Amino acid sequence: MCGIVGYIGSKEVVSVLIDGLKHLEYRGYDSAGIAVLHNNTIEIRRSKGKLNELAEMVLAQPVPGNIGLGHTRWATHGRPSEENAHPHEDCKGEIVVVHNGIVENYLSLKDELQARGHVFVSETDTEVFAHLIEEEFTDDLYAAVQRALKKVKGTYALGVMSLKAPGQIIAARFDSPLIVGLGKDEYFIASDVPAILNHTRDVIFLDNGEIAVLKQDGVKITNLDGEEKEKAVVRITWNAAQAEKAGYRHFMLKEIFEQPIAIEDTIRTRLGEDNIHLEEMELSEQQLNEIEKVVIIACGTSWHAGLVGKFIIEELARIPVEVDIASEFRYRSPIISGKTLTLAISQSGETADTMAGIRQAKASGSKIISICNVLGSSIPRESDGTIYTHAGPEIGVASTKAFTAQLTALYLLAIYLGRKRGAIGAERTKELINELRRLPHLAGNILKEDANLKKLAHEFSYYKDFLYLGRGINYPIALEGALKLKEISYIHAEGYPAGEMKHGPIALIDEDMPVVTIAVHSKTYDKMLGNIEEVKARDGIVIALATEGDTEVAKKADHVIYIPHAMEIFSPILTIIPLQLLAYYIADKKGCDVDQPRNLAKSVTVE
Ligand code: F6R
């Protein structure tokens, strides 16, 4: 879950590395470092803490040169410290490595290497790479890396540089993402596209078991056995500005405001008049008709999208759906067959638990479809088909626009399945499609309430606990609203199906407990009104989400946030937006680091 960047060319490498790392900070930010190869020396600068500290350090002690590696870390082995920050060196300081992933057999490798006299200076698993490559080196860095990799078990995206082979960078990938960027007489490696977008849009996505050799005059890619690979060059269409804050105070706020366009871009080109185009599903009519069950696996916010997906798919496609947290799914014995469609939902496409889940489902004969936001990431590459969400890069650690884009993809999928399997007819499909088309506009209307939500949030930033209640298709939104608040503001918040309140949580309610209730028009509207009464009767404070024009809720709740009218099935994509804003403004008022909350990372590539 770290970020890697590397450069070889004619530019001053430090600015390329620091700029690249800034765009990768979402992958980890507890320490950072760079190594620059210049005039027969390798200069290393590393620092604990955020990237700014490293940037200040290189400003105070500049490092000239045109070839180098950079790394931003999220600790897995060894606490965050300068010694554990990458790059790591071999015994003689002639080889440097940066790494993202986990070396599973590092303890046994380390014991063996130490027994042969190697001296380790960090607590990391990564350092074994530097010493292994040192041992394997005779006269060719590429061959040394190749041999070293064969001894390693685990996952890696690796960048290697050596004084003994000065004009090159070696990169390798296994289960941790790595791309190669192609410029004019300059080449890059990076964990993700935004890191190099200021320099090039042409990238190659490395596959597992591939090694790239970058030299000033070109790039060669082979497999672990040295066979050369022909790789497609992908042109990235979104620009660097899309990955910047564009004037917003935080990425999260910018991303909340990008939701209308994320929804629009996700439905764009996929809506017919009375059908949905989802050819990327890559399933034949027969395979679609044979599906007996859908199993959704995901983590965190993506799991909440999956919970909404169950309602949508069951209602529109009439197929039974199970939703599993990926880290639970992988350790039980789920009943999966060739007639099960497994649907993996992941913004990053790199979540280790979700990846393990799809491998397990695949082994049982299930077809795998993923909903993913990151082109070329690992989960789509292991899926039979992928419905890409087009939310653009999501940098804020708390997922917002990726979530509403995932919901949008789930609507597309459910309508597609329902129509193909005859569960819904042309007329109903047309109605649903018309409503889908309205969603970007409706989402935009909610965002116009930003100033009111900010005011409300400031009033509530002093509370210590929150309860979120919803029913039916909006129950997962109660979970997601609570998750947003807790992860960025560190306020304790719980989401509950409102009907469960009387079975326990009602005991918590008093004048210090704000209760956010989702009471938009729905089949369970009256029941939600009842829940609001119950909270008020116990002196709780109610913030209610209600449908525009509803006067009933306003009589009972302390505060009302209005949501434009939409078909109930589409309401989650609207009700979540004010809850994201509420969480954002509370956290910002408290002075929290909204985009990089403590202990979290954007992409969880470890178990
Ligand atoms: C919360 C959040 C996380 C992710 C989870 C899965 O705001 O972002 O809960 O949803 O780590 O990540 P992906 O979707 O990348 O698999």
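Looking at (1) of a type in the set (S, T, N, Q); (2) within 24 Å of E264 (Cβ to Cβ); (3) surrounded by fewer than 21 Cβ atoms within 10 Å (Cβ to Cβ), which is the one condition that is false for N474?
Unmet for N474, out of (1) of a type in the set (S, T, N, Q); (2) within 24 Å of E264 (Cβ to Cβ); (3) surrounded by fewer than 21 Cβ atoms within 10 Å (Cβ to Cβ): (3).
Any chance the stretch 431-440 includes a residue that's closer than 18 Å to G309 by Cβ, open to solvent by 10 Å² or more (accessible area, probe 1.4 Å) and within 13 Å of the ligand (Cβ to nearest atom)?
No, because not a single residue in the stretch 431-440 is closer than 18 Å to G309 by Cβ, open to solvent by 10 Å² or more (accessible area, probe 1.4 Å) and within 13 Å of the ligand (Cβ to nearest atom).
As an exercise: evaluate I415 against (1) touching a strand residue (DSSP E or B) at 6+ places or on another chain (Cβ under 8 Å); (2) within 16 Å of the ligand (Cβ to nearest atom); (3) of a type in the set (A, V, I, L, M); (4) not in a loop (DSSP other than H, G, I, E, B) and give the number of the one condition it does not meet.
(2)
So which pairs qualify, if the first residue must be in the stretch 344-356 and open to solvent by 20 Å² or more (accessible area, probe 1.4 Å), the second must be within 7 Å of the ligand (Cβ to nearest atom) and of a type in the set (S, T, Y), the Cβ gap must be under 6 Å, and the two must be at least 6 apart or on different chains?
Going by the 6 Å Cβ cut-off, the qualifying pairs are Q347/S399.
With the condition kept exactly as written, say whether any residue in the stretch 17-28 is in the same structural domain as V145 (by TED's automatic domain parsing), within 25 Å of the chain's Cα centre (by Cα), β-branched (V, I, T) and over 26 Å from A165 (Cα atoms).
No.
Of the conditions (1) away from the ligand (no atom under 16 Å from the Cβ); (2) in a loop (DSSP other than H, G, I, E, B), I312 clears all except one; give me its number.
So the condition that I312 fails would be (2).
Does R116 fit the bill of being under 30 Å from V219 (Cβ atoms), free of Cβ contacts under 8 Å to residues at least 60 places away in the same chain and open to solvent by 60 Å² or more (accessible area, probe 1.4 Å)?
No: the conditions fail for R116.
Pick out, from the stretch 189-304, the strands (runs of 3 or more DSSP E) lying fully within it that include 1 or more residues that are in the same structural domain as S176 (by TED's automatic domain parsing) and over 20 Å from the mean Cα position of the chain (by Cα).
Of the strands (runs of 3 or more DSSP E) lying wholly inside the stretch 189-304, those with at least 1 residues that are in the same structural domain as S176 (by TED's automatic domain parsing) and over 20 Å from the mean Cα position of the chain (by Cα) span 202-205, 210-215, 218-223.
Within the stretch 137-171, work out how many residues are touching a Cys at 6+ places or on another chain (Cβ under 9 Å) and at pLDDT below 95.
0
From the list N40, N66, which residue is touching a helix residue (DSSP H, G or I) at 6+ places or on another chain (Cβ under 7 Å) and open to solvent by 10 Å² or more (accessible area, probe 1.4 Å)?
The unique qualifying residue is N66.
Determine whether the stretch 26-36 contains at least one residue that is open to solvent by 30 Å² or more (accessible area, probe 1.4 Å) and small (G, A, S).
no
Quick check: is even one residue across the stretch 504-518 within 30 Å of L412 (Cα to Cα), open to solvent by 40 Å² or more (accessible area, probe 1.4 Å) and not aromatic (F, W, Y)?
Checked the stretch 504-518: no residue is within 30 Å of L412 (Cα to Cα), open to solvent by 40 Å² or more (accessible area, probe 1.4 Å) and not aromatic (F, W, Y).
How do the strands (runs of 3 or more DSSP E) wholly within the stretch 513-578 filter down when requiring 3 or more residues that are under 32 Å from the mean Cα position of the chain (by Cα) and modelled with pLDDT under 95: which remain?
Output list is empty.
Quick check on this structure: which one of H71, H131 is crowded, with 19+ Cβ neighbours inside 10 Å, outside any loop (DSSP other than H, G, I, E, B) and touching a residue at least 60 places away in the same chain (Cβ under 8 Å)?
Exactly one residue qualifies, and that residue is H71.
Given the structure, is L341 among the aliphatic types (A, V, I, L, M), at pLDDT below 95 and either open to solvent by less than 10 Å² (accessible area, probe 1.4 Å) or away from the ligand (no atom under 16 Å from the Cβ) (or both)?
No, not satisfied.
How many residues does the stretch 387-406 hold that are outside any loop (DSSP other than H, G, I, E, B) and more than 12 Å from the ligand (Cβ to nearest atom)?
Of the residues in the stretch 387-406, 3 are outside any loop (DSSP other than H, G, I, E, B) and more than 12 Å from the ligand (Cβ to nearest atom).
The values are calculated or read from the model by the stated rules, or taken from the named source; none is laboratory data. Keep in mind the model is a prediction, meaning the values are calculated, not measured. Methodologically, a virtual Cβ is constructed for each residue, glycine included, from the backbone with ideal geometry; neighbour enumeration extends over all protein chains shown. Ligands, DNA and RNA are stripped out before the accessible areas are found, and what is left, the full protein with its side chains, is counted by its heavy atoms. Shrake-Rupley method; radii C 1.70, N 1.55, O 1.52, S 1.80 Å.
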